[in-house]
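Notes follow the structure.
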Amino acid sequence: MTTATADLQLMAHLMRRAGFGANRSQLETYAEKGYDETVSELLNPDSRSEMGDDLIRRYHHEQSGMMGQISPGTYWLYKMTTSSDALQEKMSLFWHGIFATGYPKITNGKVLSDQIRMFRRYGMGSFRTLLLELARDPSMIVWLDNHDNHKGAINENFGRELLELFSMGVGNYSEDDIKEASRAFTGWTIGNREYMALRAERDSIWPYGRISWHFEFDENDHDDGEKEFLGQRGNFDGEEIVDIICRQPATAAFIARHMYHFFVADEPPVPQWPYVEPQDPEAIEILSKAYFESDYDIGHMLHVLFTSEFFKSQDSWYARVKSPAEIVTGVLRLTGEFHRPKRQIVERQQQMTWMGQYLINPPSVEGWHEGLEWIDTGTFVERLNFASSQLGNTDHPGVRSIIERVATNGGSSVGPAELVDRCLDEIGMIAVSDDTRASLVDYAASGGELVAGPELSSENRERVAELLQMIAATHEFQRA
């Protein structure tokens, strides 16, 4: 492997993890800048472009109010597919899996979509700020019943999950800590709510309905008495509880392990973490140190992660099973199907659901169990069918561009082995095993040499498209 090829494959690894993949041309542009400079630009982009809300709503009027169950996910898929800031969308997906909030209980697509916007705004900054914004988020307040958390009659749902699933993990707090945290968050509720009709003047759903849910602090319903939390005493409110949580080593390690799981290599589901050691304790320690040295800054932790040797190591390449959202978004970014809004976006969202991931509708407060748990006989067939049908569709502009680059890159004919290598390179510098490559070459050889050139025959276009379909079915394509 030449140095240039190695650099491109490392860049491809970065873009699969920090984004949703990239084609050969994009990777060459990044490689010219250099790895460290590319990481800096991913973390601090100069600008952001994406399909605009005005255009989306012109084609999909229901994505204005977003009261339905489908609209928030399809809207988000547009953003993931077309945004130039793929890392911001990837981090929103990261937090959605941790702070899992869903439609069946909220029955309000707009506030769920607003939560994703909140993740975009705060998801790469201070973890303290992110937790506070989460505690004030209307969808989270309703999802974990903090509107029913009252002075003298606490509801422990939010306090429990704040500690168990959002920050520290089981084994690092007591049941009394949950109760005291819950007391501190009494009065953190929402305005314009429909479920307390007796307080009609302040809590009426009119004139805006549930789309006008917003955070409201009810001072009269807040327990301002002394509390003891994680060994500290004081008249704590919610902000001070978050301050104490953020100072805990357990919090740093918990967030670090989530990052390692999402960006480096699959870890077991969170409920197993108290009983199963991280596969790379040294990496967790490095990320935990980055958390504290930056005053809990998520962006700094990401910079340390992406520039670390444990991330760059070839041992971590293809060590994660792509989530359905990653598969669908990555393929759609390659094919360019949605250069403008189309009704087919609903079908793509549905296909993602059949693969096991219904955006804005996680199966529980734990989010999704990932890694190999994405794969079973049904979901695997859906993944293969989706990727192969999309990459084999020569009506898609991105597929046509890939075929043209494969067929016009010098020479009048392309042998089977070279054809395979060109296709692997063009869809993201995919590095496959020797056995996989041999199978692909055997398949390509069945049609003989490809007659190349700008006037490629329809038969030869279909040959390239069919080879792309075969690559989409490989083990490596299904992994990040």
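The values are calculated or read from the model by the stated rules, or taken from the named source; none is laboratory data. Being a predicted model, the structure only gives us computed values, none of them experimental. Ideal geometry is used to build each Cβ from the backbone, glycine not excepted, and the neighbour counts take in all protein chains shown. All accessible areas refer to the heavy atoms of the entire protein, side chains included, with ligands and DNA or RNA removed. Shrake-Rupley method; radii C 1.70, N 1.55, O 1.52, S 1.80 Å.
Quick notes on this one:
- Solvent-accessible surface of the range 227-299, averaged per residue with a 1.4 angstrom probe and all protein chains in place: 43 square angstrom.
- When the charge dipole of the chain is built from unit charges on Cβ atoms (+1 for Lys and Arg, -1 for Asp and Glu) and taken about the Cα centre, the candidate among 185, 436, 270 whose Cα reaches farthest toward its positive end is 436.
- Label separation (residue 107 vs residue 224): 3.6 nm, computed from points 7 Å beyond Cα along the C-beta direction.
- Descending by average beta-carbon neighbour count within 10 Å, the peptides 50-61, 295-306 line up as 295-306, 50-61, the highest first.
- Listed residues 323, 420, 292: farthest to the positive end of the dipole of the chain (Cβ charges): 420
- Computed on the range 1-74, the Cα convex hull volume stands at 129 Å³ per residue.
- Length-normalised contact order of the range 52-145 in % [C-alpha pairs under 8 Å, at least 6 apart]: 28
- The order of the peptides 65-78, 121-134 by mean Cβ neighbours within 10 Å, most packed first, is 65-78, 121-134.
- Surface per residue (accessible, 1.4 Å probe) for the range 350-480, Å²: 44
- For the range 322-455, relative contact order (Cα pairs under 8 Å, six or more residues apart, normalised by length) works out to 26 percent.
- Total formal charge among the other residues, if their Cβ is under 11 angstrom from that of residue 34, Lys/Arg +1 and Asp/Glu -1: -4
- Sequence ranges 364-376, 344-356, ranked by mean other-Cβ count within 10 angstrom, highest first: 344-356, 364-376
- Against the rule of thumb 2.2 N^0.38 Å, how large the Cα Rg of the range 25-112 comes out: 1.33
- Solvent-free Debye scattering, log10 I(q)/I(0), computed from the Cα coordinates of the range 1-153 at q = 0.15, 0.18 Å⁻¹: -0.87, -1.10
- Working from label points 7 Å from Cα in the Cα-to-Cβ sense, the residue 433 to residue 25 distance is 3.4 nm.
- Each distinct pair of alpha carbons in the chain adds a 1/r term; the inverse of their mean, the Kirkwood radius, is 24.0 Å.
- With the convex hull drawn over the C-alpha atoms of the range 72-159, the volume per residue is 88 Å³.
- Among residues other than residue 330 with Cβ under 9 Å from its Cβ, the summed charge is +2 (Lys and Arg +1, Asp and Glu -1).
- Flagged links, alpha-carbon separation over 27 Å, of 90/110; 90/342; 90/227; 79/110: 90/227
- Cα gyration tensor of the range 307-454 - equivalent ellipsoid semi-axes, whole Å, descending: 31, 21, 14
- Accessible-area composition of the chain, carbon plus sulfur, in percent [1.4 Å probe]: 48
- Relative contact order [Cα under 8 Å, 6+ residues apart], the chain, whole percent: 17
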